[in-house]
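The values are calculated or read from the model by the stated rules, or taken from the named source; none is laboratory data. These numbers were taken from a predicted model, which means no experiment stands behind them. Positions of Cβ are generated from backbone atoms using ideal geometry, with glycine treated the same way; all protein chains shown enter the neighbour counts.
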Amino acid sequence: MKVPPFLPTVIGPSLNSSVSANKLSLEHISTVKPDSSNPIQRLKKEEGVKVDLNRTQAPSRIVVFEPPVELRTSVFENKDQLSEISSRLLNQLDRFGFSLKQENRINGIGDRFSELLKGDETSYHQDMRRYQYFVDKTRANQPVDFSDLSIKRESLVQDFSLNLTTSSGVKVEFNIQSFSGLGKKPDEIIFQSDELTISKPGQGARFNRTEIDFNIQGKLSKEEQRQIQEFAEKLEAFASGYFNDGEPSLKDLDLTSFDTIESLSLRGSGGGQSDLKLNYRNDENTREIEFSFDGNLAEIKIDKTDQLSYSQKGKQQAIEHYLKLLEQSGEKAKSDDIQLRMMQEVLGTGFELTQKELKQASQAGQEYRDEVNQSRVDDGIRADQIFIPLADFEFNFSSRKDRVPNDLLSLQERGFDVKLSLDTRMSDEHGKISKQQIQSLN
């Protein structure tokens, strides 16, 4: 029995017969020329039946499935502000690829901030995108334009923002955001009539996107420029501790060494870490710090106008006493290392004085020291022995509140709060002015 030409090769057993073909290379797509002088014949005897299969022509083409090729391409949205900073941020996108794992994509925050400060431009914006897509091997060398990509889904992966104001009123803003998403180009219409439209699906792609903004409103003095550059170095250490290690340390910023920075607001989120927020304000009369991380909040407000006495030794002894109280409170409440560090760093940072503030504190306390020393000279008591050599303050800490099982049917909140304060009170009784300090710990 002759089989018609181009009969597909049967691979594997059938119910009543077995058919195979000459071996052909499957590594590459190839064309096999027919050879009628060498027909394929198979004989099989089964229950007395002789089966002859003759194929006088081999298949003209064997199609082998090949996986699509992965391609990546980069795009800078703002062509007018291409710089080395843009290239460094793009390299970070390349390094972390398209993994679903939460990773820090914006290393070098302080370095990028410092580079922008040194530049000639007071305003900078860039949007960098890295696309990943798959195409057939035959289209691997054909570039794809994603300028018309329709975003189907986009989510914020990581965020960092900094806003500061100098003592002269100049405002500096610095923001970096990283996104991940999916998109698709518009479908390509191949045929269209009143009754029918045939289209080819548009190219799909995944993308990582990093957006950076920098802006200076006003003109920085040389001293402000110098101090903010030094702050950028501190910022690099702080951001690295936060995003890479999950352990942000307020000490890394050394805030009180920059007397030209009047206020500062810092935010961070993503990169596998808990949300972070820092607000700082420092003027002639007050200093305020609000620091939150991992659901914990530590804050202090210091009234610089109420400084009854001052001595470096007395100040250090007083702070050590308060830090010990916080440590004991944390131990009783079973605080973790992050909570204890936040309490101690916020309190300690609050009372770090600049040289200017040190001079003011000494002058403010001199009048009271002279007055007390004169009235108590016979007792041999000095003013710094009567008054705590610190300005009035209010310190509050509120820990993360976890809900834990209390019994089989209910949950109970577990956490703790600490309040610590120093308050100076003055009274006038029949022309006699008295002063007293009240400490409080709750």
Qualifying positions in segment 267-293 - under 30 Å from K359 (Cα atoms) and crowded, with 17+ Cβ neighbours inside 10 Å: L278, Y280, N282, R287, I289, E290, F291
From the options G241, G246, G271, G314, residue that is more than 27 Å from F393 (Cα to Cα) and in contact with a Pro (Cβ under 8 Å, 6 or more places away or on another chain): G241
Residue in segment 191-208 that is in contact (Cβ under 8 Å) with a residue 24 or more places away in the chain, out of contact with any His (no Cβ under 7 Å at 6 or more places or on another chain) and closer than 23 Å to Q81 by Cα present: yes
Checking T305 against (1) more than 26 Å from R414 (Cα to Cα); (2) under 25 Å from the mean Cα position of the chain (by Cα), the condition it does not meet: (2)
Residues located in segment 80-123, provided they are at pLDDT 80 or above and part of a helix (DSSP H, G or I): D80, I109, G110, D111, R112, F113, S114, E115, L116, L117, K118
Matching entry among S155, S168, S161 (being without any contact (Cβ under 8 Å) to a residue 60 or more places away in the chain and among the hydroxyl-bearing types (S, T, Y)): S155
Any hit, segment 298-319, residues being surrounded by fewer than 20 Cβ atoms within 10 Å (Cβ to Cβ), modelled with pLDDT of 95 or more and assigned by TED's automatic domain parsing to the domain that holds E394: yes
Within segment 387-419, considering residues that are among the basic types (K, R) and assigned to a strand (DSSP E or B), the one modelled with the lowest pLDDT: R403
Test: residue in segment 327-341 that is within 29 Å of M426 (Cβ to Cβ), under 33 Å from the mean Cα position of the chain (by Cα) and among the hydroxyl-bearing types (S, T, Y): no
Matching residues in segment 124-147 - criterion: being charged (D, E, K, R) and either assigned to a strand (DSSP E or B) or closer than 15 Å to L182 by Cβ (or both): D127, R129, R130
Segment 177-209, residues that are aliphatic (A, V, I, L, M), over 20 Å from E70 (Cα atoms) and in contact with a strand residue (DSSP E or B) (Cβ under 7 Å, 6 or more places away or on another chain): I189, I190, I198
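Yes/no matrix, rows are residues, columns are (1) surrounded by fewer than 19 Cβ atoms within 10 Å (Cβ to Cβ); (2) modelled with pLDDT of 95 or more; (3) within 20 Å of M342 (Cα to Cα):
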position: N215; (1), (2), (3): yes, yes, no
position: F243; (1), (2), (3): no, no, yes
position: G246; (1), (2), (3): yes, no, yes
position: K251; (1), (2), (3): yes, no, yes
position: D259; (1), (2), (3): yes, no, no
Segment 128-146 residues that are in the same structural domain as I176 (by TED's automatic domain parsing) and in contact (Cβ under 8 Å) with a residue 24 or more places away in the chain, paired with ones that are in a loop (DSSP other than H, G, I, E, B) and of a type in the set (D, E) (beta carbon under 9 Å, 6 or more apart): M128/E77; R129/E77; D136/E66; K137/E66
